[in-house]
1. Just flag the trypsin sites (Lys or Arg not before Pro) in the range 1-42 sitting in loop per DSSP whose Cβ has no more than 14 other Cβ atoms within 10 Å.
2. Please list, by residue number, every one of the chymotrypsin sites (Phe, Trp or Tyr not before Pro) in the range 32-64 that is coil in DSSP and has at most 14 other beta-carbon atoms within 10 Å.
Amino acid sequence: MFNDIGPLELVTLVVLAVLVFGPDKLPKFIQDVTRTIRKIREFSESAKQDIRSELGPEFKDFEFEDLNPKTFIRKQLDNDELGLKEIRNGFDLKKEMAEVTDAVHGTDSPSSSASSSTPSSSSGSTGGRVDMTKKPEEDDRPPFDADAT
């Protein structure tokens, strides 16, 4: 819960607590806070046990931490039954993005130029690349109709 509090911050909190509550009332306040935290923990544990008993034996390995979306997704992706580890390990995002960028900019990537062993013989050929630039054409626009507006 307090994993990110440093020693200087902790000392500052203790000094502020002594100044606000005073040295004579501070021990009683600490006891009250710890008692309240203990009661909250007991209440949450009893609520968890009640929910587990109501769900029945088929949910005996149910964990409330799985209700956190990040934990649930991480647990499902680490599950080896679906074979997602092989898919994830076989997918190279940097390579895919480089190929898409090269295709958009019209340059050959080293992997695609090595795979194409035949040179293009026609002068109008793009070498297997797709021309993604939009060329203006006169017939693309519909005719202007002044009466329609």
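Taken together, the values in this text are just the output of simple stated rules run on the coordinates, not laboratory data. Not measured: the values here are computed from a predicted model. Ideal geometry is used to build each Cβ from the backbone, glycine not excepted, and the neighbour counts take in all protein chains shown.
1. Sparse-neighbourhood loop trypsin sites (Lys or Arg not before Pro): Lys25.
2. Passing both the DSSP loop test and the Cβ count: Phe62.
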